[in-house]
Amino acid sequence: MREIVHIQAGQCGNQIGTKFWEVISDEHGIDPAGNYVGDSALQLDRVNVYYNEASSHKYVPRAVLVDLEPGTMDSVRSGAFGQLFRPDNFIFVSCPHRRYEEETRGALPP
């Protein structure tokens, strides 16, 4: 069996990746909550390439979402398919250099 781990990074990567999961979910008959709602056995063929099947018979994307600012992650979480992803797979890493740049430009108080 082939398994793919999908990595989305940055604002653009997460926006494109979210659309990717909407399309793949539709093709496989997976609703935004991760339930199979399709009507064809063909839709479940190779669904495990992109999804893990959880114990509650929900399909969860095998994906890691990464960004340096929380706004993008909040946008994905609040979107139509935001509940499809495991919360543990959202990785937000604060960049200390970014804060330094904002402080030196006067955007933030020191």
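When segment 20-47 is examined, which residues are found to be part of a helix (DSSP H, G or I) and either basic (Lys, Arg) or farther than 15 Å from Pro61 by Cβ (or both)?
First pass over segment 20-47, keeping only residues part of a helix (DSSP H, G or I): 20-28, 41-44, 47.
Ala41, Leu42, Gln43, Leu44 - these are the residues of segment 20-47 that are part of a helix (DSSP H, G or I) and either basic (Lys, Arg) or farther than 15 Å from Pro61 by Cβ (or both).
Taking Gly17 as the residue in question, decide whether it is under 13 Å from Ala63 (Cβ atoms), at pLDDT 95 or above and not in a helix (DSSP H, G or I).
Values: under 13 Å from Ala63 (Cβ atoms): yes; at pLDDT 95 or above: yes; not in a helix (DSSP H, G or I): no.
Answer is no for this residue.
Which of the residues that make up segment 28-48 are over 12 Å from Phe81 (Cβ atoms), exposed (fewer than 13 other Cβ atoms within 10 Å of the Cβ) and either among the hydroxyl-bearing types (Ser, Thr, Tyr) or in contact with a helix residue (DSSP H, G or I) (Cβ under 7 Å, 6 or more places away or on another chain) (or both)?
Ser40
Step by step: first the residues of segment 73-90, then only those that are of a type in the set (A, V, I, L, M) and surrounded by 14 or more Cβ atoms within 10 Å (Cβ to Cβ), then the one that is nearest to Val23 (Cα to Cα). Which residue is that? Steps first, please.
First, pick out the residues of segment 73-90 that are of a type in the set (A, V, I, L, M): 73, 76, 80, 84.
Remaining after also requiring surrounded by 14 or more Cβ atoms within 10 Å (Cβ to Cβ): 73, 76, 84.
Working: Met73: 19, Val76: 15, Leu84: 13 Å.
Within segment 73-90, the match that is nearest to Val23 (Cα to Cα) is Leu84.
Quick check on this structure: which one of Ser75, Ser55 is farther than 16 Å from Phe90 by Cβ and modelled with pLDDT under 95? Show your work before the answer.
Values: Ser75 fails: farther than 16 Å from Phe90 by Cβ.
Exactly one residue qualifies, and that residue is Ser55.
So how many residues does segment 73-82 have that are closer than 12 Å to Cys12 by Cα and in a loop (DSSP other than H, G, I, E, B)?
Of the residues in segment 73-82, 0 are closer than 12 Å to Cys12 by Cα and in a loop (DSSP other than H, G, I, E, B).
Give the residues of segment 49-72 that are crowded, with 19+ Cβ neighbours inside 10 Å and not in a loop (DSSP other than H, G, I, E, B), sorted by residue number.
Those that are crowded, with 19+ Cβ neighbours inside 10 Å and not in a loop (DSSP other than H, G, I, E, B): Tyr51, Tyr59, Pro61, Ala63, Leu65, Asp67, Thr72.
Between a first residue in segment 54-71 that is closer than 20 Å to Lys19 by Cα and in contact (Cβ under 8 Å) with a residue 40 or more places away in the chain and a second residue that is exposed (fewer than 14 other Cβ atoms within 10 Å of the Cβ) and acidic (Asp, Glu), which pairs have beta carbons less than 7 Å apart while being 6 or more apart in sequence or on different chains?
Sorted first by the residue in segment 54-71, then by its partner, the pairs are Arg62/Glu3.
The values are calculated or read from the model by the stated rules, or taken from the named source; none is laboratory data. All of these numbers come straight from a predicted model, not from anything done at the bench. Please note: Cβ atoms are built from the backbone with ideal geometry, for glycine as well, and neighbour counts cover all protein chains shown.
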